[in-house]
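Reviewing the structure listed below.
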Amino acid sequence: MKRASFIGLISSLGALLGSGCGSEPPVTPVDDSLFVDRPSVPLTATAAGYAWDPEAFFLSVSACNAAFGGACPIPPLLGDGVPLFAMASVQDASVLVMDPLDPEPKHFAQPTGPNGLWRIEGLPSRDEVPFFIANAGGGVLPTLPPEATLGLPPVAAATYLPTATLRPFFTGGSYFCPVGESIHTGNTGVLEAVAKYRSSRGKNTNVVDFINPARFDAVTVFWLYAPAPLPTLLLPANNTTVQSAVGEKYHIAWAAPGTRGTTQSSRGFYVDDKVTSSSIGVTVVVLEAGTITDPTAPVEYLPVDTVTDAAQGRPFQFMPLPFPAIPGMISATSLQLFSGAPPPDPEDVPNTPIPPFLCLF
């Protein structure tokens, strides 16, 4: 506390309030010993959020549309009490916080119950460098009664790989992310499709190889969604892709399991090599070992909409994404694109607050 300024302010207010009276009130001397400097205690923040499987969410939405003639009565919303979200929540998963300033992740939590919620206390509160939410793999989808899912079939189980969610998580006072997502990526969906496709092209690959630093510098799964009134309303941004100066790019499509040949995954995903974008808004970028020469330099990605339709506000837009290459883990991100120009980058425009799309409310 600035003691002199505080005392001066109080004295000025007293003089102003007393100026309308016939006589000035007596002035009581202020005892400076009553004011002490606040001890310098590091500020901390609490992170909380949910663990979820985007593939399971996609499959549940698809099953609901099929069951109701293409018009699922449940909105594709991430929210408490929404059956589609409950079916994609991952329980009993080890969530952790990655600190770019500390290579050892020390902050863990254990989501419990079918909602997959997690909570981590004691994070340093700061504005300059964000954290990233990740998980150590493991966890399972919940077993829900039919009345909780409108009778929709459960999603096939998967074994989850360690995954870092590439959405900056800020803890500082100027902008705080109240909710964080921990994306879980399994071995029977998108990654299985990419591994099978690569193997069919002479690059023998198993899903587990993707987390082997000797084989890959980074494997990033992009889930792109169309603009919506709420950031938790997820509508796949069809016919989108991701540009990257390095790596191999795979556009993902989906069909009923067993209908797209031997390179289709158990959950129905497959690599569509006859198109230049993804029909479901899912693109995977693979960086083989040796691609990254400077581990401290981020890789820049750019989500791109290939559709031009003014009535729909397309092409959708997004800004470049400088993401770190994280060997030994899968990287994943879910992004809701913009209709029109995205907000300015805080680094380009002084005094611009951190854009709210970086946090998921």
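Scanning the range 269-287 for residues that are β-branched (V, I, T) and over 18 Å from G186 (Cβ atoms) yields a count of 3.
Of the residues contained in the range 80-101, one or more are found to be closer than 18 Å to E55 by Cβ, touching a Ser or Thr at 6+ places or on another chain (Cβ under 6 Å), open to solvent by 20 Å² or more (accessible area, probe 1.4 Å) and not basic (K, R). Each residue in the range 256-287 was checked for being under 24 Å from the mean Cα position of the chain (by Cα) and open to solvent by 70 Å² or more (accessible area, probe 1.4 Å), and 0 pass. Among residues of the range 39-60 that are touching a residue at least 40 places away in the same chain (Cβ under 8 Å), those with a Cβ under 6 angstrom from a residue that is part of a helix (DSSP H, G or I), sequence gap 6+ or separate chain, pair up as S60/L84. Taking the range 229-252, which residues are of a type in the set (A, V, I, L, M) and either free of Cβ contacts under 8 Å to residues at least 12 places away in the same chain or surrounded by fewer than 23 Cβ atoms within 10 Å (Cβ to Cβ) (or both)? Listed by number, the residues that qualify are L230, L233, L235, A245, V246. Please verify whether the range 218-228 includes one or more residues that are in a loop (DSSP other than H, G, I, E, B) and open to solvent by 50 Å² or more (accessible area, probe 1.4 Å). Within the range 218-228 (the criterion being in a loop (DSSP other than H, G, I, E, B) and open to solvent by 50 Å² or more (accessible area, probe 1.4 Å)), the answer is no, since none of the residues qualifies. Do we have G180 as open to solvent by 30 Å² or more (accessible area, probe 1.4 Å), farther than 20 Å from A218 by Cα and at pLDDT below 95 here? Here the answer is no, as G180 does not meet what is asked.
Can you find, within the range 106-154, the residue that is farthest from the chain's Cα centre (by Cα) among those that are charged (D, E, K, R) and open to solvent by 50 Å² or more (accessible area, probe 1.4 Å)? Out of the qualifying residues, it is E147.
Filter the range 217-244 down to the residues that are under 16 Å from L59 (Cα atoms) and either of a type in the set (G, A, S) or not assigned by the TED database to the domain that holds V304 (or both) and list them by number. Matches in the range 217-244: A237 only.
Against the numbered list (1) outside the structural domain of L117 (by the TED database); (2) in contact with a strand residue (DSSP E or B) (Cβ under 6 Å, 6 or more places away or on another chain), L166 comes up short only at (1). For the range 87-99, a residue qualifies if it is part of a loop (DSSP other than H, G, I, E, B) and within 16 Å of the chain's Cα centre (by Cα), and the qualifying residues are A88, V90. Screening the candidates A311, A325 for the property of being assigned by the TED database to the domain that holds F216, open to solvent by 50 Å² or more (accessible area, probe 1.4 Å) and of a type in the set (A, V, I, L, M, F, W, C) yields one hit, A311. Scanning the range 38-77 for residues that are in contact with a Leu (Cβ under 9 Å, 6 or more places away or on another chain) and over 16 Å from T149 (Cβ atoms) gives T44, A45, T46, A47, A48, G49, Y50, A51, P54. Restricting T205, T165, T188 to residues that are outside any helix (DSSP H, G or I), modelled with pLDDT of 95 or more and in contact with a helix residue (DSSP H, G or I) (Cβ under 6 Å, 6 or more places away or on another chain) narrows the list to T205. The residue that is farthest from S279 (Cα to Cα), among those in the range 295-305 that are loosely packed, with under 15 Cβ neighbours inside 10 Å and touching a strand residue (DSSP E or B) at 6+ places or on another chain (Cβ under 7 Å), is P298.
The values are calculated or read from the model by the stated rules, or taken from the named source; none is laboratory data. All of these numbers come straight from a predicted model, not from anything done at the bench. Reconstructed Cβ throughout: ideal geometry from the backbone, glycine too, with neighbour counts over all protein chains shown. Note: accessible area is taken over every heavy atom of the protein model, side chains too, but ligands, DNA and RNA are not part of it. Shrake-Rupley method; radii C 1.70, N 1.55, O 1.52, S 1.80 Å.
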